[in-house]
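Trainee: What follows is a structure written as structure tokens; I'll ask about it next.
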Amino acid sequence: MNTKALARLRVRGVRMSAENLVLSLVLLLAAYTGHATDAGKARLDSLLKMLPDHPPFTEWLDKTGETPPDYDHMVPDARVRSVLEPRREDGQVVTITTPEAWREERERLMKSLRHWFFGTYPEHPGPVTPTEVTESAVPGGIKRTMVLRFGPGQKARLYMELYLPNGSGPFPVFMTQDSHRMWAMIAFRRGYAAVVYAGADSRDDTDSFMDAWPEYDWSKLLRRGWAAGRCLDYLETLSQVDMTKVVLTGHSRNGKASLMGAAVDERISAVISSSSGVGGSMPSRECGEHQFAEGIENITRVFDWFHNRWRFFAGREHLAPVDTHHLVAMTAPRPCLLSVAENDDVENMWTAQRVYLACRPLWSLYGREQALGILWRPGDHDTHAAIIEQYLDWCDIQFGRRKGSWHTALRLPWDWEAWKANYPHIPKEIPDEAWNAPSRAQRRKTAMTPERRTAIRETVRAFLGIDLPQGLPQIMDYGKNPDYVQKMLGQDGSARDVERQSIMFGDYLHADLYAPPGWFSDGQKHPAVLWLPPWNIPSGYSAAYRRGEPFQRVCARAGYIVFCFDPIGMGRRVREAEGFYDRYPESSLLGFMVRDAVAALDAMEQHAAVDRNQIYVAGYALGALVALHLAALDERPAGWALACPPLPFRLDTDPFLTGGIARWSRDSMLLPQLGLYEGKADRLPYDLDDLYACVGSKPLAVVSPRFDRFAPSPGRDAWLDAMEDIARANRARVVIRQPHAYNHFDETAQRELLTALQDAREP
């Protein structure tokens, strides 16, 4: 066999492509000669090549001449750490211990938020003048409408409605945007002075602010949040309202605007941010493409809500000097409620909990722990009257209108230190060797043997904690009609050119199979793909937030039967993760994901339409990690396809740059045992190169973007080099593509992975 056919085929990038070489030389020259402008242009060219085209962004770039910051000199911080333990520009982590110190930190963060995130605004806009005032009686009180005029030449305008209950008051104030008028009506009947203003898509007067103050570069959502303050300017003139009890609330994009409004105007006594997602209550550094949340790139391309500079951090979220947990912190110590749904595709429960935990010490600093809360609600992105009543219950408690307290119960309670204290079998340190040790390098260049595969398999099973009984290998028809949860998750049907079938398999697990029309009934055997998704808590396997078609449909159109199921803790199985380690203290969530994947292969082999000799496994991000562990335990797949595989554990040692191995253990509870090796990863009993070696001579397709922040160079290159050595040793074909992109999996990336898999399958 031709040795060249055994080696990898690196598409668009070998060691350093010509384009990267030119870029590197430009950057080096700029750094050496001091031509920052040239270096900035080079960074901009690289960024624009990486991101999808977005004309408003490029128009702003052309107009302003702005270029991205010098990423190489920015301080990375991949984790959502406590807001009282910020990482400074010199890389040091400091601790804030007094309210006075927090006020200084708050001012620093506010400057950064203004610059990078939501823009500048007039802090002293002057008085407002109510015009076009009308008043009418409504059941329970009066309705007053007006147009507020303010700013230079009274150019700025804002339509406002005020509902005052009968009586003299003073009444607490419930403020919201035009989209949520019905929320205001519920508040009105409960004795609140209700304010509705034109700061939403349904009615928006805030563009007039730019005419009045063209010197400011405020973003759209900041204008809408800042507009609430102009309503307060008017309310301060009324004796019927209690200006010490003012709540601002909104949903989705209006929830983001409400947080911004409360951040810039401390007269707002409390804020409720309902399903505000990334840019609101969800931090981008833990809610990016790899989790199929909105992500900076997507949200800044689809919507014009934020300052354009925020787009500079698409795919580089860990470099952003501020994030939205800092935005939440700007509301402290005032009451702040984050409302999060179980299956909301703009956010996820785990990340919301991380924000809460990062901000809770700040409220504790002021002795107001109960003023920060989360309302967990069932369903997806929508709300209904019962939820609004709960929002008002919270307001009543915070404003002292009713007795009681508010307690936030963690839906996914996780304390790694507590787990460690109760873990019954702390493993002894197993002497091994670092990634680049000669003995390890030699092992990668040696063909896999049955004895070595058995040893690796035993080690992996013990480490994952999956020596548990497995469900019987049988499948059952589950019916053609999806249940309401499936409909909510977007798992409810087929496109015209894709057919869907539902089954039960393994330990009472639900799976959906997608295929070209007629394949399930034509009596033929067809190639199939087991799809292992990223860590997508809200939607499970149907990960496709605003990215066109989900992978299962793209893959089916490419000529495969696609087997899909929700891993534990995701989609339909969100609640299985609650209390998991109380039930299975010696196992792991990652282990159960691998265990269920084995059961999926069992089911695929039994399916009448699946060719058991042509079953392939595809995984993205976390799914790629699951796939690699599956490779060590199961020899049945005919080939493997990995999109954005993570770094091997021994190479993932910088907690600030990538999160380190702590993101799999301390931070995410996916593989707690891994946390026992923090700071001593070279003693791990196995690593990802060992897992890949178990694939043997089977073909492998890899898409590893050059700007994947979870697999940065030089670690990524070392990992790909190891794949090459392993493939050559096992006489396997590996196709590695390195697009000029970041960690994402849109339709283009999906097709690239499938093309790479097809190339790898060729003799």
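Trainee: How many percent of Cα pairs in the chain exceed 53 Å? Intermediate results must be reported in sequence, preceding the final value.
Mentor: Numbers: 41885 of 290703 pairs.
Percent of Cα pairs beyond 53 Å in the chain: 14.
Trainee: For the chain, with the dipole built from +1 on Lys and Arg beta-carbon atoms and -1 on Asp and Glu ones, taken about the Cα centre, which of TYR192, ILE568, ALA627 lies farthest toward the positive end?
Mentor: The residue sitting farthest along the positive end of the dipole is ALA627.
Trainee: Taking the Cα centre of the range 627-754 as origin, sum charge times position over the Cβ atoms of Lys and Arg (+1) and Asp and Glu (-1), and report the length of that vector in debye to the nearest 20. Walk me through the intermediate numbers first.
Mentor: Working: 15 positive and 18 negative charges, 33 e Å.
It comes to approximately 160 debye.
Trainee: Further, regarding this structure: Give me the compactness ratio for the range 318-414, meaning the Cα radius of gyration over 2.2 N^0.38 Å.
Mentor: Details: Rg = 13.8 Å, N = 97, 2.2 N^0.38 = 12.5 Å.
Cα Rg divided by the expected 2.2 N^0.38 Å: 1.10.
Trainee: Which aspartates and glutamates, if any, have their Cα less than 13 Å from the Cα of LYS403, not counting same-chain residues under 8 positions apart?
Mentor: ASP393
Trainee: Taking the Cα centre of the chain as the origin, how large is its charge dipole in debye, to the nearest 20, when only Lys and Arg (+1) and Asp and Glu (-1) carry charge on their Cβ atoms?
Mentor: Details: 90 positive and 97 negative charges, 63 e Å.
Once rounded to the nearest 20, the dipole reads 300 debye.
Trainee: Still on this structure, I have one more. If I take all pairs of Cα atoms in the range 150-249, what percentage of them are more than 19 Å from each other?
Mentor: Numbers: 2046 of 4950 pairs.
Of all Cα-Cα distances in the range 150-249, 41 percent exceed 19 Å.
Trainee: Note down the net charge around GLY288, summing +1 for each Lys or Arg and -1 for each Asp or Glu among other residues with Cβ under 12 Å from its Cβ. Could you put the intermediate results ahead of the total?
Mentor: Working: positive: ARG285, ARG316, ARG709; negative: GLU286, GLU289, GLU294, GLU297, GLU317, ASP323, ASP708.
Summing Lys/Arg as +1 and Asp/Glu as -1 gives -4.
Trainee: May I ask which of LYS63/LYS155; LYS111/LYS256; LYS420/LYS680 have a Cα-Cα span longer than 20 Å here? It would help to have the intermediate numbers written out before the result.
Mentor: Details: LYS63/LYS155 25 Å; LYS111/LYS256 18 Å; LYS420/LYS680 16 Å.
Beyond 20 Å: LYS63/LYS155.
Trainee: Now, a different point. Roughly what % of Cα-Cα distances in the range 89-218 sit above 20 Å, to the whole percent?
Mentor: On the way: 5070 of 8385 pairs.
Everything past 20 Å amounts to 60 percent.
Trainee: Counting each DSSP H run of 4 or more residues in the chain as -39500 (n - 2.57), what helix-only mean residue ellipticity at 222 nm follows after dividing by all residues, to the nearest 500 deg cm²/dmol? Don't jump to the answer; show the numbers that get you there.
Mentor: Details: 24 runs with 258 residues, N = 763.
Estimated from H runs of four or more residues: -10000 deg cm²/dmol.
Trainee: Per-residue counts of other Cβ atoms within 10 Å, averaged by peptide: what ranking do you get for 710-717, 127-134, highest first? Intermediate values should be presented prior to the final figure.
Mentor: Details: 710-717: 18.0, 127-134: 13.1.
Put in order of decreasing packing, that is 710-717, 127-134.
Trainee: In the range 511-645, what percentage of the DSSP-assigned beta bridges are antiparallel, given to the nearest 5? Intermediate values should be presented prior to the final figure.
Mentor: Values: 4 of 18 bridges.
Here the antiparallel bridges make up roughly 20 percent for the range 511-645.
Trainee: While we're on this one: For the range 670-719 and the range 552-574, what is the separation of their C-alpha centers, rounded to whole Å?
Mentor: 24
Trainee: Right, something else. Hey, got the dipole for the range 96-145? About the Cα centre, +1 on K and R Cβ, -1 on D and E Cβ, debye to the nearest 20?
Mentor: Numbers: 7 positive and 7 negative charges, 24 e Å.
Computed about the Cα centre, the dipole is about 120 debye.
Trainee: Just to confirm the filter: which trypsin sites (Lys or Arg not before Pro) across the range 31-124 are DSSP coil and have at most 14 other Cβ within 10 angstrom of their Cβ? Don't skip to the answer; put the middle values down first.
Mentor: Numbers: sites: LYS41, ARG43, LYS49, LYS63, ARG79, ARG81, ARG87, ARG88, ARG103, ARG106, ARG108, LYS111, ARG114; in loops: ARG79, ARG81, ARG88.
Those satisfying the criteria are ARG88.
Trainee: Using θ = phi - 60° and the Karplus form 6.51 cos²θ - 1.76 cosθ + 1.60, what ³J(HN,Hα) does each residue of the range 122-138 get, whole Hz, x for Gly and Pro?
Mentor: x, 6, 10, x, x, x, 10, 10, x, 10, 6, 7, 10, 9, 8, 7, 10
Trainee: Between ILE299, THR237, ILE272, whose Cα lies farthest towards the positive end of the dipole of the range 237-343 when Lys and Arg beta carbons carry +1 and Asp and Glu beta carbons carry -1, centred on the Cα centre?
Mentor: Farthest along the dipole direction, towards plus: THR237.
Trainee: Under a straight-distance cross-link criterion of Cα-Cα below 19 Å, which aspartates and glutamates are reachable from LYS41, leaving out those fewer than 8 residues away in the same chain?
Mentor: Partners found: GLU19, ASP53, GLU59, ASP62, GLU66, ASP70, ASP72.
Trainee: Can I ask one more? Using DSSP, restrict attention to beta bridges with both residues in the chain and report what percent are antiparallel, rounded to the nearest 5.
Mentor: On the way: 39 of 90 bridges.
Beta bridges within the chain, antiparallel portion: roughly 45 percent.
Trainee: List, in order, the whole-Hz ³J(HN,Hα) value for each residue of the range 656-665 obtained from phi through the Karplus relation with A = 6.51, B = -1.76, C = 1.60 and θ = phi - 60°; use x for Gly and Pro.
Mentor: 3J(HN,Hα) across the range 656-665, in whole Hz: 7, 7, 10, x, x, 5, 5, 5, 8, 10.
The numbers here are math on the coordinates, done by the rules we state, and not lab data. Since the model is a prediction, treat every value here as computed from it, not as a measurement. Cβ atoms come from the backbone with ideal geometry, glycine included; neighbour counts cover every protein chain shown.
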